[in-house]
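One structure is given below, encoded as structure tokens.
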Amino acid sequence: MNRSLQKLAARREHLIAQAASQRVLLSQNAHSWRKPLAIADKGLNVLRYIKHHPIVVAGGGATLLSITNPSGIAKWLRRGWLTWQLTKRIIQKNHP
């Protein structure tokens, strides 16, 4: 085997060993991030659910509000209706 092929083989072995040690180190570092990332993932799933099911979330909020403060539900319904109407008008104005 000529000298350049020997150098390439040695370099290859060194890189393989280096990649193996980096994989071990990455695995050790990633282990400490598993729990925080799992919590963040659950939070993102909640936000996605709210985005795709806003009526269900609003209904649940209205139900909770009516249970905790029955007299305040009318005030919040009026505010919600006003917000809905204003949003509709703004959207219609920007997208003819």
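A short reminder: the numbers here are calculations on the coordinates, not readings from a lab. Bear in mind the structure is a predicted one, so any value in this text is a computation, not a measurement. Glycine also receives a Cβ, built like all others from the backbone with ideal geometry; neighbour counts cover every protein chain displayed.
Compared with the dominant Cα axis of the chain, that is its longest principal axis, helix 73-94 is turned about 70°.
Across segment 49-60, rounded Karplus estimates of 3J(HN,Hα) from the backbone phi angles (6.51 cos²θ - 1.76 cosθ + 1.60, θ = phi - 60°) give 5, 4, 5, 8, 9, x, 5, 4, 5, 5, x, x Hz, Gly and Pro being marked x. Lysine pair count for the chain (Cα-Cα distance under 28 Å; residues 8 or more apart in sequence or on different chains): 7. The stretch between H53 and T83 holds 9.0 nm of extra length on full extension. This uses 0.36 nm per residue minus the Cα-Cα distance. Label-to-label distance, S4 versus I39, with points set 7 angstrom from Cα along the beta-carbon direction: 5.6 nm. The share of C-alpha pairs in the chain whose separation exceeds 23 Å stands at 64 percent.
Charged neighbours of L5, selected by a Cβ distance under 11 Å, balance to +4 (K, R count +1; D, E count -1).
Taking 0.36 nm per intervening residue step and subtracting the Cα-Cα distance, what contour gain separates Q92 from A17 on full extension?
Result for the pair: 20.8 nm of gain on full extension.
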